[in-house]
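These notes are about the structure you will find just below.
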Amino acid sequence: YGIMHLSFVDLTPVSDRGIPLESAYADDAELLSEDGQSLTKILEIASDILKDWSLFVNESKTVFTRVYLAETDALDDHGNKIRGNEEWRDTVLLGSKLCSERDIASRRNKANVAFYTYKKVWLDSSVQISECRKLKLYEALVTSVLLYNCSSWAVTDTVLASVDVLQRKHLRQIINTYWPTVISNENLYKRCNVTPLTVRIKKARWKMLGHVLRSGDDTPAYLSFRFACIGCSDIKGRLGRPRTTLFDILVKDIIEKNIIVIVNKRFNLSNFNNLVDIAHDRGLWRRYG
């Protein structure tokens with residue numbers, strides 16, 4: 001798995017199975033391969049070839065990441081378990097860590113830093129700012145940091161609930177409510193006129209899925225989702241406890257909204273195309289969200 005910072009990327013190559021092997025975001029490009037040596041060779045020749053188009057590869061910012069799950073009994077040089085602590089989990093791509101749990105922990109830390117950077121605004125009684133204005137500032141300065149790229153998080157409900165916990169902690173400080181004064185979570189949301197962040201995350205995820213389905217049928221995101229829906233039925237999964245994946249969460253969202261009929265969480269070409277047709281009706285898609 002490699003990342004190159006380029007100014008231009010050609011048409012997306014696709015494997016025989018229909019999996020996109022490259023995706024581009026402005027001056028960032030991702031190249032994927034099951035063989036790490038091929039990525040090294042690409043880097044060696046890319047600089048010379050791209051110079052013809054006045055494009056330059058910044059090798060110092062090029063990152064090679066091996067994405068894998070270590071064996072359950074694998075240990076590092078210090079005797080610590082590797083499973084769950086693989087190096088790729090902390091790799092940052094477009095501002096987010098590849099591991100959703102690590103990314104959420106990072107986002108919570110950054111949101112806390114943002115909150116206490118402006119603690120005089122929230123906590124100093126000598127600052128004459130209305131509660132309503134404080135909440136608007138909180139939305140702009142803290143919530144935006146906390147929810148960055150939240151539409152792609154793939155974690156359990158327990159992990160996701162930690163985002164709500166942090167939000168409620170901040171809101172109680174903003175409205176100056178401390179023990180022994182008690183306010184229920186429901187009344188807290190009503191007073192602050194906000195919704196739980198988990199609800200907003202779910203809506204953001206649904207909005208993101210709509211964008212993916214409306215994108216061109218040759219885009220990496222569309223090809224990846226299509227492959228996950230109807231192209232990998234013959235691929236044997238790995239052994240062990242099933243992990244929470246973004247695809248599983250999206251399928252759960254689709255089933256809950258009862259948009260199309262999915263048997264045993266499996267798509268076919270017909271109901272996949274029906275889902276794409278629904279997504280192209282933006283008004284209908286928003287109503288489902």
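Only lysines eight or more places from residue 120 in sequence, or on another chain, were considered; those with a Cα closer than 20 Å are 110, 134, 136, 169.
Calculated translational diffusion coefficient of region 148-212 (37 °C, 0.692 mPa s; Stokes-Einstein with Kirkwood radius over alpha-carbon pairs) equals 251 µm²/s. Cβ-Cβ distance of residue 58 and residue 238, R₀ of 35 Å, FRET efficiency by 1/(1 + (r/R0)^6): the value works out to about 0.50. May I ask you to work out the translational diffusion coefficient for region 81-152 at 25 °C, viscosity 0.890 mPa s, via Stokes-Einstein with Rh from the Kirkwood sum over Cα pairs, reported in whole µm²/s? Once the numbers are plugged in, D ends up at 177 µm²/s. Within straight-line reach of residue 97, meaning a Cα separation under 14 Å, sit the following aspartates and glutamates at least 8 residues removed in sequence or on another chain: 86, 87.
Fully extended, how many nm does the chain gain between residue 281 and residue 255 (0.36 nm per residue separation, minus their Cα-Cα distance)?
7.5 nm
At a probe radius of 1.4 angstrom, the accessible area of the chain per residue rounds to 62 square angstrom. In this rough spin-label picture, where each label sits 7 Å from Cα along the Cβ direction, the residue 169-residue 127 distance is 1.9 nm. In region 138-254, what percent of the accessible surface is made up of carbon and sulfur (1.4 Å probe, ligands and nucleic acids excluded)? Accessible surface attributable to carbon and sulfur in region 138-254 totals 57 percent.
I need the calculated FRET efficiency for the pair residue 269 and residue 66, taking r as the beta carbon distance and R₀ as 30 Å, to the nearest 0.05. Provide the component values of the computation, followed by the final result.
Values: r = 34 Å, r/R0 = 1.12.
My answer for the efficiency is 0.35.
The calculated 222 nm mean residue ellipticity attributable to helices in the chain amounts to -13500 deg cm²/dmol, summing -39500 (n - 2.57) over DSSP H runs of n ≥ 4 and dividing by all residues. With axes computed from alpha carbons, what is the tilt in degrees of helix 157-174 against the longest principal axis of the chain, rounded to the nearest 10 within 0 to 90? The angle comes out at about 40 degrees. Close amide H partners of residue 63, meaning residues 5 or more places away or on another chain with modelled amide H under 5 Å apart, are 3. Size check on region 162-289: the Cα extents along the three principal axes, sorted descending, read 58, 41, 26 Å. For region 55-101, a/c is not less than 1.5, where a ≥ b ≥ c are the root eigenvalues of the C-alpha gyration tensor, and a/b tops b/c. That puts it in the prolate class. Under the simplified labelling scheme, the residue 193-residue 47 pair shows an inter-label distance of 5.7 nm, with each label point 7 Å from Cα along Cα→Cβ.
Three principal axis extents of region 95-230 based on alpha-carbon atoms, in descending order, are 58, 26, 25 Å. Computing FRET efficiency as 1/(1 + (r/R0)^6) for residue 40 and residue 92, where r is the C-beta to C-beta distance and R0 is 30 Å, gives about 0.90.
Across the alpha-carbon atoms of the chain, the computed radius of gyration and Dmax are 22.4, 70 angstrom.
Descending by average beta-carbon neighbour count within 10 Å, the peptides 167-177, 50-60, 272-282, 70-80 line up as 167-177, 272-282, 50-60, 70-80, the highest first.
The values are calculated or read from the model by the stated rules, or taken from the named source; none is laboratory data. Please read all numbers here as calculations on a predicted model, not as lab measurements. All Cβ positions, glycine included, derive from the backbone under ideal geometry; neighbour counts span all protein chains shown. Quick note on the areas: whole protein, heavy atoms, side chains included, nothing else; ligands and nucleic acids left out. Shrake-Rupley method; radii C 1.70, N 1.55, O 1.52, S 1.80 Å.
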